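Structure, as structure tokens:
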Amino acid sequence: MGMSNEVMSFSPFGPTSAGGSANTGSDRATGAPKVVRASGGAIWRRMPTGTEVVLIFRPRYQDWGLPKGKAHPLETDEAAALREVLEETGLQCRLGRPLPSTTYPDRDGRLKTVRYWAMTVDPRSGYRGAPLKPGPEGADEVASAQWVPMAEVRSRLTYARDVVVIDALAQHLATLELDA
């Protein structure tokens, strides 16, 4: 699937995670939020055939991407990332290293900043490799969540902004192999 060439910017860490409103600031004329705060994860696992990453498919937008979503008021970015991943994939995960954030205009023309983390499935969750299934909160948005071989992830992603996150994850995982 081809990638969109929309306007976007990338930041290594994004906005603060001290909580606060999901939207920061507002336009004086309209009262509309200036920035929508969101979080997500690049969930990875090692398999005998190589590294795999979870991607989601949203039928409403006909796109493949990383699980993410808007933060609730007073919710930290980290808590939002874990909640959104659980809702969209059914996986309880652990936060790893922060990955690059993305900022882009959402469908309503507001700026949306998404903070990402490398994530692994929490071993206490009981997950044993069953097919992924979005939780009830994410089932209306996400039609499919799949483990995808790292070699195929870049070509499956719809948006170039997600490739930057995956490339940072791949670089991080390469440093883990060097340390082993």
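None of the figures in this text is laboratory data; all of them are computed from the coordinates on show. Computed from a predicted model, the values in this text were never measured in an experiment.
Would the range 77-173 count as rounded, prolate or oblate if I go by the C-alpha gyration tensor, calling it rounded below 1.5 in a/c and otherwise prolate when a/b exceeds b/c, oblate otherwise? Verdict is rounded for the range 77-173.
In order along the range 92-105, the Karplus-derived 3J(HN,Hα) couplings, from 6.51 cos²θ - 1.76 cosθ + 1.60 at θ = phi - 60°, round to 8, 10, 10, 6, x, 5, x, 10, x, 8, 10, 10, 7, x Hz, and Gly and Pro are given as x.
Here the Karplus relation 6.51 cos²θ - 1.76 cosθ + 1.60, evaluated at θ = phi - 60°, turns the backbone of the range 51-56 into coupling constants of 6, 10, 10, 7, 10, 10 Hz, with x for every Gly and Pro. Straight-distance candidates among the lysines for linking to LYS133, with alpha-carbon spacing under 22 Å and chain neighbours fewer than 8 residues away dropped: LYS68, LYS70. Database remark: amide H of ALA42 closer than 5 angstrom to the amide H of TRP117, ALA118, MET119 (H placed geometrically; neighbours at sequence offset of 5 or more, or on other chains; Pro and chain starts carry no H).
Close amide-amide hydrogen proximity is noted between LEU95 and no other residue 5 or more places distant or on a separate chain, at a cut-off under 5 Å (H modeled in the peptide plane; Pro and chain starts excluded). Return the inverse of the average 1/r over all pairs of distinct C-alpha atoms in the range 84-136, which is the Kirkwood hydrodynamic radius, in Å to one decimal. Radius from the Kirkwood sum: 12.9 Å.
Rounded to the nearest Hz, the phi-derived 3J(HN,Hα) couplings of the range 124-135 under the Karplus curve 6.51 cos²θ - 1.76 cosθ + 1.60 (θ = phi - 60°) are 6, 6, x, 5, 10, x, 5, x, 6, 9, x, x, where x marks glycine and proline.
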